[in-house]
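Some notes on the structure that comes next.
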Amino acid sequence: MTEVLEKYIPEAAVIPTFELIKMNNVHLKIVNERVTRHGDYRKLPDGAHQITVNSNLNKFRFFITLIHEIAHLVAFQKFGRRIKPHGREWKHTFQQLMLPFIRPEVFPSQLLPLLALHFKNPKATSDTDTRLALALKHYDAPNDKNYIFEIPLGGHFRLYNGKIFKRGKQRIKRFECLEVATGRVYLFNPNAEVEFLK
């Protein structure tokens, strides 16, 4: 298992993460990319704990996702299954699990202040923390996608599912975008990745 982890997470995090996986009896599955999520946790009918994480994530995003999902498992075991999936119990658990890893041996120095800020009050996904998401993106393999904030006002873009949108004005944090086929308006995070139609 440590050889597998070495391919996907920062080297300094491999042994302690393996111990977390062992201690919590996690069956880790590394799966093909799912556009709607980076990972998930599920308690199987036989009582086993399964965590899946997308294989295409860079090692820092993969690691954060893995600890995020382990935090679900630990929070449910500690506080019961009736807690909110991303409520205060989960947030506290996620903070406690991540704290030992927010150091220069695990993460690059430019990510450390953003991680420290993010983990004061972690969100359901690091993607909603625009500054952290953009910083993590620097470690991804190159692709031909653009962020919503890079699309010019009135510019058209396509989502992974083929739907075409026209970018509108920015509200406080999100962008209003009109689905061309239906005329419905949707709100997009500025760091959503899309295909710009020039």
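The values are calculated or read from the model by the stated rules, or taken from the named source; none is laboratory data. Predicted, not measured: the structure shown is a model, and the values here were computed from it. Note that each Cβ is placed from the backbone with ideal geometry, even for glycine, and that neighbours are counted across all protein chains shown.
Evaluated against (1) out of contact with any Leu (no Cβ under 7 Å at 6 or more places or on another chain); (2) touching a residue at least 12 places away in the same chain (Cβ under 8 Å), Gly168 falls short on exactly one condition, (1). When the criteria are applied in full, Pro10 meets the requirement of being at pLDDT 95 or above and either surrounded by fewer than 19 Cβ atoms within 10 Å (Cβ to Cβ) or at negative phi (or both). Among the residues making up the range 41-84, those that are of a type in the set (D, E, K, R) and either within 28 Å of Phe107 (Cα to Cα) or part of a helix (DSSP H, G or I) (or both) are Arg42, Lys59, Arg61, Glu69, Lys78. Checked against (1) at pLDDT 95 or above; (2) under 14 Å from the mean Cα position of the chain (by Cα), Arg37 passes all but condition (1).
Scanning the range 132-157 for residues that are touching a residue at least 60 places away in the same chain (Cβ under 8 Å) and surrounded by 10 or more Cβ atoms within 10 Å (Cβ to Cβ) yields Leu136, Tyr139, Asp140. The sole residue among Phe165, Phe196, Phe188 that is within 19 Å of Thr128 (Cβ to Cβ), within 25 Å of the chain's Cα centre (by Cα), crowded, with 16+ Cβ neighbours inside 10 Å and not aliphatic (A, V, I, L, M) is Phe188. Against the numbered list (1) under 15 Å from Phe60 (Cβ atoms); (2) at pLDDT below 95, Leu111 comes up short only at (2).
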